[in-house]
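The values are calculated or read from the model by the stated rules, or taken from the named source; none is laboratory data. Owing to the predicted nature of the structure, the values given are computational and were not obtained by experimental measurement. Ideal geometry is used to build each Cβ from the backbone, glycine not excepted, and the neighbour counts take in all protein chains shown. Calculation scope for accessible area: heavy atoms of the full protein, side chains included, ligands and nucleic acids excluded. Shrake-Rupley method; radii C 1.70, N 1.55, O 1.52, S 1.80 Å.
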Amino acid sequence: MADWRLRLFQQPLLPAGHRPRRMVQLLAGLVLYGVTDAMVLASGLGVEPWDALAQGLSRTAGLSVGLWTNLIGALVLLLWIPLRQKPGLGTVCNILIVGTSMDLALIVLPVPGSAAESWTLLLAGTALNGLATGCYIGADAGTGPRDGLMTGIAALGHPLWAVRLAIELTVLAAGFLLGATVGVGTVIYALAIGPLAHLLIPLFQIRPAPGPRGDGVG
């Protein structure tokens, strides 16, 4: 364990190569993730599974949904220890940015005035959330706590989409028991986000810079 912790803190903040692009892609993806989470919630058709947990905690213990999102991210990071996942700059930024962006977006997003507006928010939010996932994970600056849990378990030999689906359904059940609003939007998000992430992460992947003999660095 001590050797693993030493290797953990020796990791660079960003892999070598394309660092400006990595930073832009990372930050844009995280902000978009928070905004699209807010879009799904604002649709009124049901919250996404991790937000169900945050909403349930918000309703039972106070604090905003976005703040609980950040706090849950910090707690989920502890589950990385047995998976030997290595946090990076993106991990820290995720904990700080996603919930904050979500709370700010909820302030400015309009309340849907029709079923069409609700469905537009839900479907656009779900699709763009998959885009945001691919964007910030593809920056290879360190996944967020929740997606790091997903990729860590998938690295054990399980399909990425199946791992994501299992995690989402487990968290959803916990949120429901805490009193979160669960609806058709929750089901659509839970079923769609795994395949979307499986498709979009490779499209946004930034490869490490080659070393002197073509070896990957960072």
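Averaged per residue, what accessible area in Å² does the chain show with a 1.4 Å probe, protein chains only? Working shown, then result.
On the way: 10280 Å² over 218 residues.
Here the per-residue accessible area is 47 Å².
Take each of the peptides 52-65, 190-203, average the number of other beta-carbon atoms within 10 Å over its residues, and list them starting from the highest.
52-65, 190-203
For the chain, which whole percent of the accessible surface, found with a 1.4 angstrom probe, sits on carbon and sulfur atoms?
72 percent
Put a dot 7 Å past each Cα toward the Cβ at Ala61 and Ala174; how far apart are the dots in nm?
Output for this residue pair reads 1.0 nm.
Rounded if a/c is under 1.5, else prolate if a/b beats b/c, else oblate: with a ≥ b ≥ c from the C-alpha gyration tensor eigenvalues square-rooted, which is the stretch 92-218?
Prolate.
Do you know the relative contact order of the chain, to the nearest whole percent, from alpha carbon pairs under 8 angstrom that are 6+ apart?
Here the relative contact order equals 35 percent.
Report the extension gain between Ala116 and Leu79 in nm, rounded to one decimal, defined as 0.36 nm multiplied by the number of residues separating them, less their alpha carbon distance. Present the calculation step by step, with values, prior to reporting the outcome.
Working: separation 37, 0.36 × 37 = 13.32 nm, distance 3.95 nm.
Roughly 9.4 nm would be gained on extension.
Could you order peptides 119-129, 147-157 by the average number of other Cβ atoms within 10 Å of their residues, highest first?
Sorting 119-129, 147-157 by mean packing, highest first, produces 119-129, 147-157.
In nm, to one decimal, how far is the modelled label at Arg21 from the one at Leu71, with both set 7 Å along Cα→Cβ?
4.0 nm
Just to confirm a number: summing +1 for Lys and Arg and -1 for Asp and Glu over residues other than Leu172 whose beta-carbon lies under 10 angstrom from that of Leu172, what do you get?
-3
Which values, in whole Å and largest first, are the semi-axes of the equivalent ellipsoid of the chain obtained as the square root of 5 times each eigenvalue of the Cα gyration tensor? Don't skip to the end; give the middle numbers.
Numbers: eigenvalues 180, 69, 50 Å².
Square roots of five times the eigenvalues give 30, 19, 16 Å.
Just to check, using Stokes-Einstein with a Kirkwood Rh over alpha carbon pairs, what's the diffusion coefficient of the stretch 83-159 at 37 °C and 0.692 mPa s in µm²/s?
Result for D is 229 µm²/s.
In the chain, with Lys and Arg counted as +1 and Asp and Glu as -1 at Cβ, which of these residues, Gln205, Trp119, Gly56, has the Cα nearest the positive end of the dipole, that is, farthest along it?
Gln205
In degrees from 0 to 90, rounded to the nearest 10, what is the angle of the helix 89-108 Cα long axis to the longest principal axis of the chain?
20 degrees
Under a Cβ-only charge scheme (Lys and Arg +1, Asp and Glu -1), can you give me the dipole magnitude of the chain about the Cα centre, in debye to the nearest 20?
So the magnitude is around 700 debye.
If a/c stays under 1.5 just call it rounded; otherwise compare a/b with b/c (prolate if a/b is bigger, oblate if not). Do that for the stretch 16-92, with a ≥ b ≥ c from the square roots of the Cα gyration tensor eigenvalues.
Oblate, since a/c reaches 1.5 and b/c is not below a/b.
How large, in Å, is the stretch 140-212 by the Kirkwood hydrodynamic radius built from its alpha-carbon pairs?
Working: mean 1/r = 0.0722 Å⁻¹.
For the stretch 140-212, the Kirkwood estimate is 13.8 Å.
Could you sort 71-78, 99-106, 131-138 so that the peptide with the highest average Cβ count within 10 Å comes first and the rest follow in order? Don't skip to the end; give the middle numbers.
Details: 71-78: 16.1, 99-106: 20.2, 131-138: 24.4.
The densest-packed peptide leads the list: 131-138, 99-106, 71-78.
With each run of n ≥ 4 DSSP H residues scored as -39500 (n - 2.57), what mean residue ellipticity at 222 nm is computed for the chain after dividing by its residue count and rounding to the nearest 500 deg cm²/dmol?
After summing the helix terms and dividing by the residues of the chain, the value is -23000 deg cm²/dmol.
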